[in-house]
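Participant: Dropping a structure here in structure tokens format, bear with me for questions.
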Amino acid sequence: MAQVKMIINNRNFEIACDDGEENHVQQLGRYVDEKVTELATRIGQVGDTRLLLMAALLIADELSEAYSKLEDIDSDAKQTENNGNGDAAENIAMLAQRIDGIAASLEHD
């Protein structure tokens, strides 16, 4: 198990993570620190716990918006896929009718 050192709101933290995940965890720590720093700049130092909670809520809101956008994209993709499949089925049905018509005309000749 690896240990990652990070600084959040000018405080040192050491976090355990799986081996090989150190860089990723450090990136996440930097992102959290950015959010906490933004909040501290806007509202002041209201305590580590409150700043971390507010940062967590902001990040959760960003994640919620991202999930919502993914759902919209997935819904649009499914709708496009369904329309595409409907068009393909319609085209196949029209081709089958044309083939039947050609076959019928050949039988009469």
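Participant: Could you work out [θ]222 nm for the chain from helices alone, using -39500 (n - 2.57) per DSSP H run of at least four and dividing by all its residues? Round to the nearest 500 deg cm²/dmol.
Facilitator: Numbers: 2 runs with 83 residues, N = 109.
That comes out to -28000 deg cm²/dmol.
Participant: Right, something else. Report, as a whole number in µm² per second, the diffusion coefficient that Stokes-Einstein gives for region 3-68 at 37 °C and 0.692 mPa s using the Kirkwood radius over alpha carbon pairs. Mind showing how you got there, number by number?
Facilitator: Details: Rh = 12.7 Å.
My calculation gives 260 µm²/s for D.
Participant: Expressed as a rounded percentage, what relative contact order does the chain have, with Cα pairs under 8 Å and six or more residues apart? Intermediate results must be reported in sequence, preceding the final value.
Facilitator: Numbers: 62 pairs, mean separation 16.8, N = 109.
RCO, the chain: 15 percent.
Values in this text are rule-based calculations from the coordinates and carry no lab data. Since the structure is predicted, the reported quantities are computational estimates derived from the model, not experimental observations.
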